[in-house]
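Notes to accompany the following structure.
The values are calculated or read from the model by the stated rules, or taken from the named source; none is laboratory data. If you're wondering where the values come from, they're calculated on a predicted model, not measured in any experiment. FYI the Cβ positions are ideal-geometry reconstructions off the backbone, even for glycines, and counts take in every protein chain you see. Side chains included, ligands, DNA and RNA excluded: accessible areas come from the protein's heavy atoms. Shrake-Rupley method; radii C 1.70, N 1.55, O 1.52, S 1.80 Å.
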There are 2 protein chains.
Amino acid sequence: MLPPGEPKWRRRAADRPKEIIAAALEVFSEHGFTRARLDDIARAAGVSKGALYLYFETKQDLFKAVVQDAIEPRLLKIRTGAGTEIPFDEAARLGVGVLVSAIQSNPRIGGVLKLIVAESRNLPELALIWHQTVITPLLSLISDIIRRGQRSGEVRSGDPELFAMGLLGPLVLGLLWRETFEPIGADPLPLETLASQHLDTVLKGMKA
Amino acid sequence: MLPPGEPKWRRRAADRPKEIIAAALEVFSEHGFTRARLDDIARAAGVSKGALYLYFETKQDLFKAVVQDAIEPRLLKIRTGAGTEIPFDEAARLGVGVLVSAIQSNPRIGGVLKLIVAESRNLPELALIWHQTVITPLLSLISDIIRRGQRSGEVRSGDPELFAMGLLGPLVLGLLWRETFEPIGADPLPLETLASQHLDTVLKGMKA
DNA sequence: TCCTAATAACTGATCAGTCGGTTATTAGCG
DNA sequence: CGCTAATAACCGACTGATCAGTTATTAGGA
């Protein structure tokens, strides 16, 4: 009756959390927070629902872990190379380049972005974390570069934060476009082309 | 026991649908599709839940009505003044101006935008409608203006659709910013200033 | 008096979170 | 080394709450 061969499951406490987070990212970014079922996440992680609760207190807890795991490591890379004293144009191109390649290499980042927007009302605490740890640093990094360009006379006057949003906006739009309309059958968006053409435009338009 | 004075309710079949749609917009844009409760919508509309089903078949049906009601009338206004043969700069400023004032005069439009992004996976049919009736016409309108500018030699070469996204991206970002971060306590975003500064930048950057 | 807008109590399905029980793994002991 | 006791990882059936959608009934209006 009981075949000895393979055990029904294995104890792998060290690997479970990251496996669960990966599975949860998949399910959350497909269905959103509320419609994502813990049973589905558990199945995708190859684990029972009960096991989720060994590693995460609640569904929200798991969701937070997913978002933080997706974001925090990438932020470090962007910060690198901020303090350097290269010409404005170059710095801007470099920064956007890092952003675009981060996006390209991790296609899930669009899903995470969508999640933040979609669930900010339900999980304000999470929106706060995201705002403090990602948005604010990123924006101030870019607007610092712009400010520097203004002081050196390379960039015309204007609110640096708004310039930064003018720079990033189309990237955000592109990401959300992919998440929203490509699954519906819309033409795929050449994000890299968009980024480079827009960068050319904005840099030219910001010249003093 | 029963005081004669005011009746407990009145029959107002003509007014109910729009009242329900207004209430539903409120609740949907605060909680998203799934977490919005029909009981809450009904209460906000001053009506019982059962009454909703006299006017809408399902929750999705109601949701579709909300989105279409919010969008379609505004699209007409934007289309107006498209065919005119004014200089490129002027046309672009006019178009963006109309967009911004539409946004300002109807603060709920950001909520609708968020809903589309958030629920596109759950309600692909809706994303399709939105894509066909709003996004595509709007984008092609703007890129037509740009194409015209290119033909007349006012605008440098480049993909007109991507130029259009470069123009609109920051507006979308601004709208979502409001929806996502202002409720959390972030600084309010001066959307109009953003739009005008960005327009200046992009127009300058697109010059031939 | 009759039609129907509208109500309010109800049903059934779904799902987050719990808990008693089970199995893999490790440590202790001879 | 083997054998066994102890432990921690894991399972999955269950519970209680929530809500979309239904229906029996009431009451407004012509």
Subject >> Label-point gap, in nm, between B:ARG37 and A:ASP200 - each point 7 angstrom along Cα→Cβ >> reply: 5.5
Subject >> Average Cα contact separation per residue, segment A:66-206, under 8 Å, 6 or more apart, as relative contact order % >> reply: 28
Original post:
Which angle between 0 and 90 degrees, to the nearest 10, do you get for helix A:88-105 versus the longest principal axis of chain A when only C-alpha atoms count?
Top reply: 20
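Wrap a convex hull around the Cα atoms of segment A:20-61, take a quarter of its surface area, and give that in square nanometres.
Working: hull surface 9.7 nm².
For the Cα atoms of segment A:20-61, the hull's average projected area reads 2.4 nm².
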Original post:
Tally Lys and Arg at +1 and Asp and Glu at -1 over the other residues with C-beta under 13 Å from the C-beta of A:ASP61: what net charge comes out?
Top reply: -1
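Can you sort A:ILE71, B:ILE129 by solvent-accessible area, 1.4 Å probe, largest first?
Numbers: A:ILE71 15, B:ILE129 45 Å².
From most exposed to least exposed: B:ILE129, A:ILE71.
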**OP:** Quick one: divide the alpha-carbon radius of gyration of segment B:10-120 by 2.2 N^0.38 Å and tell me what you get.
**Re:** 1.30
Original post:
Long-range amide H contacts for B:VAL155: which residues qualify at under 5 Å (H placed 1.01 Å from N, peptide plane, sequence gap of 5 or more or a different chain)?
Top reply: B:GLN150, B:ALA208
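Across the residues of A:172-179, average count of Cβ atoms on other protein chains within 10 Å? Spell out each step's value before the answer.
Working: counts 6, 9, 4, 0, 8, 6, 0, 4.
Counting other chains' Cβ atoms within 10 Å and averaging over A:172-179 gives 5.
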**OP:** Put one equal scatterer on each alpha carbon of segment A:120-174, apply the Debye formula with no solvent term, and list log10 I(q)/I(0) at q = 0.13, 0.19, 0.27, 0.30 1/Å to two decimals.
**Re:** -0.41, -0.72, -1.02, -1.09
Original post:
In terms of Cα to Cα distance under 16 Å, which lysines are near enough to B:LYS207, apart from those fewer than 8 places away along the same chain?
Top reply: A:LYS204, A:LYS207
Original post:
Nm distances between the label at B:VAL98 and the same-position labels in the remaining copies, 7 Å along Cα→Cβ, shortest first?
Top reply: 4.2
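How many Å³ per residue does the convex hull of the Cα positions in chain A occupy?
Details: hull volume 32.4 nm³, N = 208.
It comes to 156 Å³ per residue, whole-number rounded.
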**OP:** With r as the distance between the Cβ atoms of A:ALA22 and B:LEU94 and R0 = 51 Å, compute the FRET efficiency 1/(1 + (r/R0)^6) and round to 0.05.
**Re:** 0.55
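Give B:LYS49/B:LYS114; A:LYS64/A:LYS114; A:LYS114/B:LYS18; A:LYS59/B:LYS59 a once-over and call out the pairs whose C-alpha atoms are over 20 Å from each other. Before the final figure, lay out each step's value.
On the way: B:LYS49/B:LYS114 25 Å; A:LYS64/A:LYS114 14 Å; A:LYS114/B:LYS18 30 Å; A:LYS59/B:LYS59 25 Å.
With Cα atoms farther than 20 Å apart: B:LYS49/B:LYS114; A:LYS114/B:LYS18; A:LYS59/B:LYS59.
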Subject >> For segment B:186-191, 3J(HN,Hα) per residue [Karplus equation, 6.51 cos²θ - 1.76 cosθ + 1.60, θ = phi - 60°, Hz, x = Gly/Pro] >> reply: 6, 4, x, 9, x, 4
Subject >> Test item: B:124-131 mean partner chain Cβ contacts at 10 Å >> reply: 3
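Can you give the mean number of other chain Cβ atoms that lie within 10 Å of the Cβ atoms in peptide B:15-21? Write out the running numbers ahead of the final one.
Numbers: counts 0, 0, 0, 0, 0, 0, 0.
Across the residues of B:15-21, the mean count of other-chain Cβ atoms within 10 Å is 0.
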**OP:** Could you run the numbers on buried accessible area between B and A, total for both chains, 1.4 angstrom probe, in Å² to the nearest 100?
**Re:** 4500
Original post:
What is the projected area of the convex hull of the Cα atoms of the protein assembly as shown, averaged over all directions, in nm²?
Top reply: 28.9
Subject >> Highest-MSF residue in chain B out of B:LEU138, B:LEU162, B:LEU191 [GNM, Cα springs under 10 Å] >> reply: B:LEU162
Subject >> Pseudo-label separations to other copies for B:LYS204 - Cα-to-Cβ vector, 7 Å, nm >> reply: 1.3
Subject >> Solvent-accessible surface (1.4 angstrom probe) belonging to B:VAL155, in square angstrom, nearest 10 >> reply: 10
Original post:
Which distances, shortest first and in nm, link B:GLY46 to the matching position in the other copies, using label points set 7 Å out along Cα to C-beta?
Top reply: 6.0
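So for B:LYS204, B:LYS18, what's the accessible-area order with a 1.4 Å probe, most first?
Numbers: B:LYS204 75, B:LYS18 135 Å².
From most exposed to least exposed: B:LYS18, B:LYS204.
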**OP:** Any chance you could look up the accessible area of A:GLU26 with a 1.4 Å probe, heavy atoms only, rounded to 10 Å²?
**Re:** 80
Original post:
Just how much of A:ILE116 is accessible, in Å², when a 1.4 Å probe is used and the result is rounded to the nearest 10?
Top reply: 10
